[in-house]
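A.B. asks: So that we are looking at the same thing, I have put the structure below in structure tokens.
Laboratory data are not the source of any read-out in this text; all were calculated from the coordinates shown. The shown structure was predicted, so the numbers you read here are calculated from the model rather than taken from an experiment. Positions of Cβ are generated from backbone atoms using ideal geometry, with glycine treated the same way; all protein chains shown enter the neighbour counts.
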Amino acid sequence: MALFGLAKTADPQPLVRGDGLYLRPAVAADYAAWAQLREQSRAFLTPWEPSWPPDDLTRAAFRRRLRRQTEDMTRDESFAFLIFDSTADELLGGLTLGGVRRGVAQAATLGYWMGAPHAGKGRMTRAVAAVARFGFDTLRLHRIEAACIPENAPSIALLERTGFQREGFARAYLKINDAWRDHILLALLEGEAKRLD
């Protein structure tokens, strides 16, 4: 069964290092910085994300998020990380390898967000490259998939810089900002990731 990755991962709290940054699962002490960065970035993120529930930035919602994160990692279903600048120890954004499929697929779906003050500086590109290595080397994935709204040219360019290739187009694929939106589908296979650090 281990051949197909059905065994649980040995480390339930992974730490991923990249060029000038590190990624780790959120902890309770991250709440204030997380809520502040998300609120500060609301207008920047709204066009690209599912609608936020009314209580999304509350401490209670953050605690629920932490419980779900722990359960998902324990079940080998999803691995959510916050991204930090390794020099300043400052929160930059978040990234998730979710929807992990084992057996003959060995695949996961990538999602990410960057706080508005930190966007456009190459940090998410480096974070995606680092988490791809984690996905292939530690989680033993064969494939990482991502989807972008066609108008999100910066996100598509980021993925292509790290080696993702366009594979298709999905109509009304995800409900983003209260509307079903078409998405470009991209994927990265084991061995295709570009080293950026």
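A.B. asks: Just to check your reading of the model, which residue among Ala129, Ala146 is assigned to a strand (DSSP E or B), in contact with a strand residue (DSSP E or B) (Cβ under 9 Å, 6 or more places away or on another chain) and not charged (D, E, K, R)?
C.D. replies: Result of the check over Ala129, Ala146: Ala146.
A.B. asks: Among residues belonging to segment 66-78 that are free of Cβ contacts under 8 Å to residues at least 60 places away in the same chain and in contact with a strand residue (DSSP E or B) (Cβ under 8 Å, 6 or more places away or on another chain), point out the one that is nearest to Ser155 (Cα to Cα).
C.D. replies: Ser78
A.B. asks: Just name the residue that is surrounded by the fewest Cβ atoms within 10 Å (Cβ to Cβ) out of those in segment 58-89 that are among the acidic types (Asp, Glu) and not in a strand (DSSP E or B).
C.D. replies: In this case the residue turns out to be Asp89.
A.B. asks: Further question: Hey, any hits in segment 50-57 for a residue that's touching a residue at least 24 places away in the same chain (Cβ under 8 Å), within 15 Å of the chain's Cα centre (by Cα), over 18 Å from Ala32 (Cα atoms) and part of a loop (DSSP other than H, G, I, E, B)?
C.D. replies: yes
Okay, residues lined up against (1) within 23 Å of Ile149 (Cα to Cα); (2) hydroxyl-bearing (Ser, Thr, Tyr):
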| position | (1), (2) |
| --- | --- |
| Tyr31 | no, yes |
| Ala35 | no, no |
| Ala80 | yes, no |
| Gly93 | yes, no |
| Leu110 | yes, no |
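A.B. asks: Can you find even one residue in segment 180-192 that is surrounded by 15 or more Cβ atoms within 10 Å (Cβ to Cβ), within 23 Å of Glu39 (Cα to Cα) and among the hydrophobic types (A, V, I, L, M, F, W, C)?
C.D. replies: no
A.B. asks: Then there's this: Taking segment 31-41, which residues are within 17 Å of the chain's Cα centre (by Cα) and either in a helix (DSSP H, G or I) or surrounded by fewer than 18 Cβ atoms within 10 Å (Cβ to Cβ) (or both)?
C.D. replies: Trp34, Leu37, Arg38
A.B. asks: Output the residues belonging to segment 123-153 that are within 27 Å of Ala33 (Cα to Cα) and either exposed (fewer than 13 other Cβ atoms within 10 Å of the Cβ) or in contact with a His (Cβ under 7 Å, 6 or more places away or on another chain) (or both).
C.D. replies: Cys148
A.B. asks: Report yes if Gly163 is in a loop (DSSP other than H, G, I, E, B) and crowded, with 19+ Cβ neighbours inside 10 Å, otherwise no.
C.D. replies: Judged against the criteria, Gly163 is a match.
A.B. asks: With the requirement that a residue be touching a strand residue (DSSP E or B) at 6+ places or on another chain (Cβ under 6 Å), closer than 14 Å to Ala187 by Cα and either of a type in the set (Gly, Ala, Ser) or buried (at least 18 other Cβ atoms within 10 Å of the Cβ) (or both), what does segment 101-122 give you?
C.D. replies: Of everything in segment 101-122, those that are touching a strand residue (DSSP E or B) at 6+ places or on another chain (Cβ under 6 Å), closer than 14 Å to Ala187 by Cα and either of a type in the set (Gly, Ala, Ser) or buried (at least 18 other Cβ atoms within 10 Å of the Cβ) (or both) turn out to be Ala107, Ala108, Leu110, Gly111.
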